[in-house]
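Read the structure below first, then the notes.
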Amino acid sequence: MTTKTNSHDDYFSTCGKKGRPISDRTVIDAHAHLGLIANFPHTDSSVEGFVKVMDRIGIDKACISCTQAMHGLHKQGNDMILDAVKRYPDRFIGYMSISAGYPEVMLAELERCYDAGLRAVKIWSYGTLKGLAYDHENYQIAFKFADEHELAILAHTWGQELDELQQAFDEYGNIKWLLAHTGSDSLEKYIRAANEYENIYLETCLSSAPRGLIEEIVSAVPLHKILWGSDQIFMSATHQIGRVLFAQITSEEKAAVVGANAVKFFGIPK
Amino acid sequence: MKLIACDALMGPPRMPLDGCRPDKADLLSEMARVSIESAIVRHRGALEFGPFDANKVILDELSDADNLLPSWFLTPDGFEPEFDIAKTVSEMIDAGVKICWTNPSAEAACFSILPWCSGPLYEALQAKQIPLLLDYETVTADELNTVLTDFGALRVILINADREGRNRRLYPLLKAHRNLYLCLSHSYSVHLGTEDLCQIFGIDRWVFGMGYPEAEVGAAVAGLMYTDIDDEAKEAIAYGNIERLLGEVK
């Protein structure tokens, strides 16, 4: 673990200690969700509740995908994202999501979402649930589509998925990969991938909030490759932002991680 | 805002933690970094070599730190030579310790949390109004329901409660048992979760946790400070509720 500076009194930690919105810097949540999962009931699943939390923290924009779209209801799920983006165009950036088990409708759904304005893809390999690993042929449809259109892909990962994605990393050079949950397992794989591939970036959200992890990532990969994400509404963004606000890194590094890097990654106009 | 963390765990594990040595100096340094004023401290030795020595060690190590409050690890059989839990609890109070913890798992103290085995412990604790810290992972909802049904005056603080959304087991437990408390740290990372708890159950049953030593303690601090509740509720969680509980120990 590196300790570059003590964060006692910088702008970010002061915001965290006081519960003040981070209004003087750009904050982009690169990994967030709307939607439902059966074993994870929400207190408030509304878009309005989501925006309220964004306002309290000072999150300028959140990049959202919908869980239903990854659980078989692709159209309904992606429509939920399109609707949120339409209602709050300045606050949300939408990911189009795929249900990997339904290759017959995947391309048409991706094209529909692309035509509706979405410019990034979310993939999920189901974690501990029954699903398809990323090296299954079904994902090739989404990878080819994203490569042809030079889109970003946010991939749920938990260490071993980086092995499953290895061939895609080599094959699809036009995709900007954003690997979720960096350090959840096998941190060295994430660090190696981000250092070896120009088009691989790392996203930070992790419910266990491991001590020293943000510092370790910042010390090990180029700073512009690290993007903050919250995983809300399946985690509380309030905790995830605290991991960066109080991290023992410089203020400039915090500014890059919480938003400046995402502005460049997603091509967000200033 | 004053912060009292209720879940610190110091002492070296069998194998070193990556990047830190969880001793008193490290704990105090982490607290200072995020402006946590005080902490209730458990000693990991209770899980390694047992509570008898660990409780002595924690008293010794914290004797010169007024802002670190020791917590004893108790088992239902008490300690040698008497093996009388009521006597052990009296010794604990005499030593100035007002809060305790336990872990019934086979890897730790290896006993049943249910009343047939742990009843004498609960009787001794509820008679003195001593809060008991219990790790969410070491007790099932059914077990907790049985314990709190049989010992309605027992004050249990659940620590390390996981993020399971609007928890379908925890909420009914909180509704049924008014002496069940929840420690809110980075682990209870529920979208609008603290707001919901306060709205449904009031503000008196939540205490603050920092997740030391494994977690970035700033996660818990920001988690509380960005919660959409008024200052009275925030202060109750930050320090007021745990101060009240400790003040009511007989």
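No lab work stands behind these numbers, since they all come straight from the coordinates. Just so you know, these numbers come straight off a predicted model, no measurement behind them. Using ideal geometry, Cβ is built from the backbone for each residue, glycine included, and neighbour counts are taken over all protein chains shown.
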So A:G101, is it more than 14 Å from chain B (Cβ to nearest Cβ), surrounded by fewer than 22 Cβ atoms within 10 Å (Cβ to Cβ) and of a type outside the set (S, T, Y) = yes
Kindly indicate which of B:Y171, B:Y188 is within 14 Å of chain A (Cβ to nearest Cβ), surrounded by fewer than 17 Cβ atoms within 10 Å (Cβ to Cβ), under 30 Å from A:G16 (Cβ atoms) and aromatic (F, W, Y).
-> B:Y171
Grab the strands (runs of 3 or more DSSP E) fully contained in the stretch B:41-146, keeping just those with 3 or more residues being in contact with a His (Cβ under 8 Å, 6 or more places away or on another chain).
-> none
Among the candidates A:S45, A:S23, single out the residue that is closer than 30 Å to B:A233 by Cβ, within 12 Å of chain B (Cβ to nearest Cβ) and among the polar types (S, T, N, Q).
-> A:S45
Which numbered condition A:E150 misses (of (1) over 19 Å from the mean Cα position of the chain (by Cα); (2) under 22 Å from A:V85 (Cα atoms); (3) in a loop (DSSP other than H, G, I, E, B)) | (1)
Hits in the stretch B:15-73 - residues which are free of Cβ contacts under 8 Å to residues at least 24 places away in the same chain, within 14 Å of chain A (Cβ to nearest Cβ) and of a type in the set (S, T, Y) | B:S29
Six or more apart or on different chains, Cβ under 8 Å: which pairs go from a residue in the stretch B:201-214 that's within 13 Å of another protein chain (Cβ to nearest Cβ) and at negative phi to one that's crowded, with 22+ Cβ neighbours inside 10 Å and among the charged types (D, E, K, R)? Could you list them?
-> B:G209/B:D7; B:M210/B:D7; B:M210/B:E30; B:Y212/B:D7; B:Y212/B:E30; B:P213/A:R211; B:P213/B:E30; B:E214/A:R211
B:N160 vs (1) within 30 Å of A:D10 (Cβ to Cβ); (2) more than 11 Å from every other protein chain (Cβ to nearest Cβ); (3) surrounded by fewer than 24 Cβ atoms within 10 Å (Cβ to Cβ): all pass except (2)
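Quick one: which helices (runs of 4 or more DSSP H) lie wholly within the stretch A:156-253 and hold at least 1 residues that are within 14 Å of chain B (Cβ to nearest Cβ)?
Ranges flagged: A:187-196, A:213-220, A:237-245.
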What pairs can you find where one residue is in the stretch A:60-83 and closer than 20 Å to A:G229 by Cα, the other is acidic (D, E) and not in a helix (DSSP H, G or I), and their Cβ atoms are less than 8 Å apart, with a gap of 6+ or different chains?
-> A:K61/A:D29; A:K61/A:D90; A:A62/A:D29; A:C63/A:D29
Picking from B:I4, B:I99, B:I58, which residue would you name as being within 22 Å of B:E123 (Cα to Cα) and surrounded by 15 or more Cβ atoms within 10 Å (Cβ to Cβ)?
-> B:I99
